[in-house]
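Asks: Have a look at the structure that comes next, please.
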Amino acid sequence: MSKWEDNVRKVEPYVPGEQPNDTNIIKLNTNENPYPPSPMVMKAMQEVTEEGLRKYPDPTCSALIDALADYHKVNSANVFVGVGSDDVIATAFMTFFHSDKKILFPDISYSFYSVWASMMEIPFEKVPLADDFTISPEDYKKENGGIIFPNPNAPTAMLLEKGAIREILDANPDSVVIVDEAYVDFSGEDASVLDLIPEYENLLVTRTFSKSRSLAGLRIGYAIGNEKLIKYMSDVKYSYNSYTMNETSLKLGVESVKDDAYFKKTCDAIVNTRENFTKELLKLGFNVLPSKANFVFAGTDKMPASEIFAKARENHIFFRYFAQNRIDNFLRITIGTDEDMERVVRFLKDLLA
Ligand SMILES: *Cc1c(COP(=O)(O)O)cnc(C)c1O
């Protein structure tokens, strides 16, 4: 009997939301943006050259890093880019969570965190959210090997205010604190903690082009932090793959950053639709957590969320459902166009009538 399987790493993988091929559905299950990417991105797509594909891409990703540095008014040495923020966060885990102490993240949160920690053999502790689903800074004032949480949190969509994040940072000068701002572009002016970076050299902020920039298909994410943090991450990146970012993503990413007017317009539209949709859900008797993201987390006593999920799916409407303690009567519903959400409201009205 051969024993090669004894030496295989066996992991329980992250399960992404479905990506059905059917185009005749309302797809509100993976928090994609319902609007197309900037027309400038589509135009640059026509300009992809043979030469661009024949050669290796720029391993330093300087064009995209410079564009992001410029946009956020930081130095290029403060920016790291990767293949979606999943790649950026995985690199950060490998780089910063390298002790025997447990890392901390909320029990109800982005489920990839525990998958990465398990895969990389990083000890971790899931910190329960408070009864109202908020993150309590008090719970993060204990010894740890690092901290990560999304802000707004996913799947609750709730924003932790800056004062509370400061409290977590002040209590943890000896570990890296990662704030995953995948959804912060939908949270209003002062929600991001990017402005705290000059004060806290252990704060890393991650962002993605997948939600607010309508570019989930290109796979672009980035991190901003003190230049020491960025240098350490860069060294890890060059230790496993020098060319993470492909040439096309690097080029098109720059175009997206340049078109700020379009970016702001589409983000505003989604926030506006979110507010209207929330009102409709409340009218239908749903409990809706206060959302600062491009999705809402909601449930009703009138019908189990699992049943609404299944019935919606039969009707070609895709939501996300998590069969997890405390949130098993909630649905995560991505904000689509106004027309999408009107169809959802009509469906729910009929279903619950
Ligand atoms: C979507 C998401 C990400 C990952 O986004 P990428 O597509 O990999 O850039 C990271 N964190 C949270 C909380 C997310 O919801």
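Since every read-out is calculated from the coordinates, none of them should be taken as a lab result. From a predicted model like this one, the values you see are computed outputs, not experimental measurements. Because the Cβ atoms are built from the backbone with ideal geometry, glycine has one as well, and the counts that use them run over all protein chains shown.
Asks: Once the piece of chain linking E199 and Y240 is laid out straight, how much longer is it, given 0.36 nm per residue of separation minus the C-alpha distance between them? Could the numbers behind the result be given before it?
Replies: On the way: separation 41, 0.36 × 41 = 14.76 nm, distance 3.10 nm.
The span from E199 to Y240 would gain 11.7 nm if fully extended.
Asks: Which chymotrypsin sites (Phe, Trp or Tyr not before Pro) does segment 180-260 hold that lie in a coil by DSSP with at most 15 other beta carbons within 10 Å? Each step should come with its number before you reach the end.
Replies: Values: sites: Y183, F186, Y200, F209, Y222, Y232, Y238, Y240, Y243; in loops: Y183, Y200, F209, Y238, Y240, Y243.
Here the sparse-neighbourhood loop sites are Y238, Y240, Y243.
Asks: Name the long-range amide H neighbours of F124: under 5 Å, sequence gap of 5 or more, or other chain; modelled H, no Pro or chain starts.
Replies: Counting only residues 5 or more places away or on other chains, the set is I103.
Asks: Report, in deg cm²/dmol and to the nearest 500, the calculated mean residue ellipticity at 222 nm for the chain, where each DSSP H run with n ≥ 4 adds -39500 (n - 2.57) and the sum is divided by the residue count.
Replies: Value at 222 nm, helices only, nearest 500: -11000 deg cm²/dmol.
Asks: Sticking with this structure for a sec: Step through the table entries K73/K228; K27/K126; K126/K283; K162/K302; K27/K349, compare each Cα-Cα distance with 25 Å, and write down the pairs that go over it. Walk me through the intermediate numbers first.
Replies: Values: K73/K228 18 Å; K27/K126 30 Å; K126/K283 34 Å; K162/K302 36 Å; K27/K349 19 Å.
Long pairs (Cα-Cα over 25 Å): K27/K126; K126/K283; K162/K302.
Asks: Looking at segment 226-319, which GluC sites (Glu not before Pro) are DSSP coil and have at most 12 other C-beta atoms within 10 Å of their C-beta?
Replies: Working: sites: E227, E247, E255, E275, E280, E307, E314; in loops: none.
When the GluC sites (Glu not before Pro) of segment 226-319 are filtered for loop state and at most 12 Cβ neighbours within 10 Å, nothing remains.
Asks: Also: What distance in nm separates the two pseudo spin-label positions at N75 and E161, each 7 Å out from Cα along the beta-carbon direction?
Replies: 3.4
Asks: What is the calculated FRET efficiency for E47 to A261, with r their C-beta to C-beta distance and R₀ = 30 Å, to the nearest 0.05?
Replies: Numbers: r = 21 Å, r/R0 = 0.70.
Computed FRET efficiency for E47 and A261: 0.90.
Asks: Identify, among I308, S291, F330, the residue whose Cα sits farthest towards the positive end of the charge dipole of segment 280-335, taking +1 on the Cβ of Lys and Arg and -1 on the Cβ of Asp and Glu, with the dipole about the Cα centre.
Replies: S291
Asks: Determine ³J(HN,Hα), in whole Hz, for all residues of segment 21-32 in sequence, where each value follows from phi through the Karplus function 6.51 cos²θ - 1.76 cosθ + 1.60 and θ = phi - 60°; x replaces Gly and Pro.
Replies: Each residue's phi maps through the Karplus curve to give 7, 4, 8, 8, 10, 9, 9, 10, 10, 10, 6, 6 Hz.
Asks: Would you mind calculating the gained length between E189 and E5 on full extension (0.36 nm times residue separation, minus the Cα-Cα distance), in nm to one decimal?
Replies: Numbers: separation 184, 0.36 × 184 = 66.24 nm, distance 5.19 nm.
Extending this stretch completely gives an extra 61.0 nm.
Asks: Still on this structure, I have one more. Over the chain, what is the mean sequence separation of C-alpha contacts under 8 Å (at least six apart), divided by residue count, expressed as relative contact order in percent? If you can, show how the numbers build up before the last one.
Replies: On the way: 601 pairs, mean separation 82.8, N = 353.
Result for the chain is 23 percent.
Asks: Further question: Any chance you could check the Cα centroid distance between segment 41-112 and segment 154-213 for me, in angstrom?
Replies: So the separation of the two Cα centres works out to 16 Å.
Asks: Something else about it: Within 10 Å of each residue's Cβ, count the other Cβ atoms and sort T134, T156 from fewest upward. Before the final figure, lay out the partial values.
Replies: Working: T134 17, T156 26.
With the sparsest Cβ surroundings first, the list reads T134, T156.
Asks: Okay, moving on. Run the numbers on segment 208-342 and let me know its relative contact order in percent, using alpha-carbon pairs under 8 Å that are six or more apart. All intermediate terms of the calculation are to be shown ahead of the outcome.
Replies: Details: 124 pairs, mean separation 24.2, N = 135.
Relative CO of segment 208-342 lands at 18 percent.
Asks: Oh, and also: What ranking, highest mean first, results for peptides 288-296, 189-197 when packing means the other Cβ atoms within 10 Å averaged over each residue?
Replies: Numbers: 288-296: 23.4, 189-197: 15.4.
Going by the mean number of other Cβ atoms within 10 Å, highest first, we get 288-296, 189-197.
Asks: In whole Hz and in residue order, list the ³J(HN,Hα) couplings for segment 151-166 that follow from phi through the Karplus curve 6.51 cos²θ - 1.76 cosθ + 1.60, θ = phi - 60°; x for Gly and Pro.
Replies: 9, x, 6, 10, x, 6, 6, 8, 8, 8, 6, 4, x, 5, 5, 4
Asks: Still on this structure, I have one more. Explain nothing, just compute: Karplus ³J(HN,Hα) = 6.51 cos²θ - 1.76 cosθ + 1.60, θ = phi - 60°, for every residue of segment 54-59 in order, whole Hz, x for Gly and Pro.
Replies: Taking θ as phi minus 60°, the curve returns 5, 8, 5, x, 5, x Hz for segment 54-59.
Asks: Working out 0.36 nm times the residue gap between S306 and K142, then minus their Cα-Cα distance, what length gain in nm do you get to one decimal? Let's see the in-between values first.
Replies: Values: separation 164, 0.36 × 164 = 59.04 nm, distance 3.65 nm.
Working it through step by step, the gained length comes to 55.4 nm.
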